[in-house]
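What follows is a short report on a single structure.
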Amino acid sequence: MSRSFASQVCTGALSLGAVVQIAGCATPEAKARSLNTEATVSVPIREVVARPVPKSLLLTGTLVANRESDLAADAAGKVVATFAERGERVKQGQPLARLDSRGAALNQAEARAKVESARVEQAHATLECQRAEHLFAENVISKAEFDRLKASCDNAKFAAAAASAREGMADKSLGDATIRAPFSGEVVERYVNVGEYVQPGTRIATVVDLESLRLEIAVPESLMASVRERQSVRFQVTAYPDEMFSAEVRYVGSALRRAGRDLVVEAAVANPERRLRPGMFATARIETGAAQLPVVPAGALLGSGRSRRAFLLRDQQLEERVVLVGDPVGEGFAVLSGLKAGDRVAGRTGDDVKDGARVR
């Protein structure tokens, strides 16, 4: 078919019968009907409903251990054994390292012998005092002699007490030769090896309790009035980007830090599975109340992140909208912009759901 002939056909220069017989040519009304038929979609329609949505402050924080201890030697000596490695779980009272305790054991034996000797002397002095009291009552000895015997008796009692105290110090020195875990947790680091000589104050190991952590949150001065104890906190960490963890504000700082003009708030975090670790950076939300916001079903949204797309129904035709969403609310998302309560949207997304499609 020549171009001029096709032009005549489509402009109506030829008869209607000839037009119908020629393939590839259609009237504008036929074209519109064909397009509408191709762009028609059957899709469930959902209404955007206003619901109470928690309001929150978006802040940053760091996870720290609720209990962390740098264990130090309380005695001098050579390390003869170590019982824990980095990452090993230990129970309260479990030995972590032991020092050479032979000298401490000898001191303990000497102290115990002196205690027994002091007790014998005290018993003898007590008998002497009792005898002196009887003699003094019968005027057999003078007052001066009685006072001398009474003082000797008191000295024996004090000597026994001193010997008992020295025995306690010897027992402590022997006990200090074994460094034990102060609470159940995990060994972060062990700093000594067998054969090293340590002094009182030398670091032996670091133990941390991972079952309970604290989330330290820096709250700017302008927002401190919105934070108080027992508020709920939700936070995320990089290690688990698709997971939300919960905590509760327990401690609110009493003064702002001069360097950043912010307030340190600590939230208690239960960590029974020990998945979270001290030092993790967290993005936290402190819930401060609730507000009525439109909520759109999750199935009506296309994309991921905060900026998504939805298809608004207007005059039985779908209109694509960019929607800014907030936090999940049940099976939907709070809408911050792009839709309002009462709007009707396509309840699902797919290749057939597109801008301009008519809904039948």
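What follows draws every value from the coordinates through simple rules; no lab data is involved. Keep in mind that what you see is a predicted model, and the values were worked out from it rather than measured. Cβ coordinates were reconstructed from backbone atoms using ideal geometry, including for glycine residues, and neighbour counts include every protein chain displayed.
Things to note:
- Hits in the stretch 156-184 - residues which are assigned to a helix (DSSP H, G or I) and either touching a strand residue (DSSP E or B) at 6+ places or on another chain (Cβ under 7 Å) or under 19 Å from GLY77 (Cβ atoms) (or both): MET169, ALA170, ASP171, LYS172, SER173, LEU174, GLY175, ASP176
- Across the stretch 332-360, the qualifying residues are those that are small (Gly, Ala, Ser) and in a loop (DSSP other than H, G, I, E, B), and the one among them that is surrounded by the most Cβ atoms within 10 Å (Cβ to Cβ) is ALA357.
- Hits in the stretch 74-90 (condition: closer than 11 Å to GLU186 by Cβ and of a type in the set (D, E, K, R)): GLU85, ARG86, GLU88, ARG89
- Filtered by the rule that a residue be free of Cβ contacts under 8 Å to residues at least 12 places away in the same chain and either in contact with a strand residue (DSSP E or B) (Cβ under 8 Å, 6 or more places away or on another chain) or polar (S, T, N, Q) (or both), the stretch 195-235 gives a lone residue, SER222.
- Selection of the stretch 312-325 for residues being without any contact (Cβ under 8 Å) to a residue 60 or more places away in the chain, under 14 Å from LEU339 (Cα atoms) and not charged (D, E, K, R) yields LEU312, VAL322, VAL323, LEU324, VAL325.
- One residue from ALA259, ALA165 being surrounded by fewer than 18 Cβ atoms within 10 Å (Cβ to Cβ), among the small types (Gly, Ala, Ser), free of Cβ contacts under 8 Å to residues at least 24 places away in the same chain and within 30 Å of GLN94 (Cβ to Cβ): ALA165
- Of the residues examined, LYS157 is one that is surrounded by 14 or more Cβ atoms within 10 Å (Cβ to Cβ) and over 30 Å from LEU99 (Cβ atoms).
Yes/no per residue for (1) farther than 29 Å from VAL219 by Cα; (2) touching an Asp or Glu at 6+ places or on another chain (Cβ under 7 Å):
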site: ARG277; (1), (2): no, no
site: LEU301; (1), (2): yes, no
site: LEU313; (1), (2): yes, no
site: GLN317; (1), (2): yes, no
site: GLU320; (1), (2): yes, yes
site: GLY326; (1), (2): no, no
site: VAL335; (1), (2): no, no
site: GLY338; (1), (2): yes, no
site: VAL359; (1), (2): yes, no
